[in-house]
1. Is at least one residue of the range 77-94 within 16 Å of the chain's Cα centre (by Cα), of a type in the set (S, T, N, Q) and within 18 Å of Gly112 (Cα to Cα)?
2. Would you mention how many residues in the range 93-116 are in contact with a Gly (Cβ under 9 Å, 6 or more places away or on another chain) and in a strand (DSSP E or B)?
3. Out of Arg62, Arg103, report the one residue that is within 12 Å of the chain's Cα centre (by Cα), among the basic types (Lys, Arg), buried (at least 18 other Cβ atoms within 10 Å of the Cβ) and closer than 14 Å to Val25 by Cα.
4. Hey, among the residues in the range 75-99 that are touching a Phe, Trp or Tyr at 6+ places or on another chain (Cβ under 8 Å) and touching a residue at least 24 places away in the same chain (Cβ under 8 Å), which one's nearest to Glu57 (Cα to Cα)?
5. Scanning the range 1-58 for residues that are aliphatic (A, V, I, L, M) and at pLDDT below 80, which turns out surrounded by the most Cβ atoms within 10 Å (Cβ to Cβ)?
6. Answer with yes or no whether Ile99 is modelled with pLDDT under 90 and among the β-branched types (Val, Ile, Thr).
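The values are calculated or read from the model by the stated rules, or taken from the named source; none is laboratory data. Everything numeric here is computed off the predicted structure, so don't read it as measured data. Note: ideal-geometry Cβ built from the backbone for every residue, glycine included; neighbour counts use all protein chains shown.
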Amino acid sequence: MRKAREARRAHLDSTRRVHEAGVPVALGTDFIGPDLVPHGENALEAELLVSAVGLSEMEAIRAATSVAARTVPGDEIGAIEAGRYGDLVALGSDPLDDIEALRDVEAVYRGGEVVWGRSIAHTCGFEDHHPDGVNRPCGPQSNARSRLSRIESRL
């Protein structure tokens, strides 16, 4: 356990130094390891980039979007513009005010179509769109706050 804690601290420290040197930091599912940030918990990783590494909220969002897109081949992802895929999330609050807003997912769009959550049409009285037909409440979708507290206690 001690070695794992030391490795996490070293990883965060090296990420902090890389960021301070001006090297772009990309958010990915391998940021700190599956025991600290499990696969699929990208919002937690963004929170750690802000709280433990020192990125601004905008830098963390870019790390998850345009910077991460530059690490893979092709130019169809990483921006919202004509000719791109149109994969994005709609949030219930502003992540520039609080990075934890990345957990407040109200809709997921893939190829410009709602695949989960409330579509923009919902504000006009249309039904929710879910692949399985089950309506889900908007707002934070997990108990990520308690997991982040546990993660930070390990650092």
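1. no
2. The qualifying residues number 7.
3. Numbers: Arg103 fails: closer than 14 Å to Val25 by Cα.
That would be Arg62, the only listed residue that is within 12 Å of the chain's Cα centre (by Cα), among the basic types (Lys, Arg), buried (at least 18 other Cβ atoms within 10 Å of the Cβ) and closer than 14 Å to Val25 by Cα.
4. First pass over the range 75-99, keeping only residues touching a Phe, Trp or Tyr at 6+ places or on another chain (Cβ under 8 Å): 76-77, 86-90.
Filter again for touching a residue at least 24 places away in the same chain (Cβ under 8 Å), leaving 86-87, 90.
Working: Gly86: 22, Asp87: 20, Ala90: 16 Å.
Checking each candidate, the answer is Ala90.
5. My answer is Val37.
6. In short, no.
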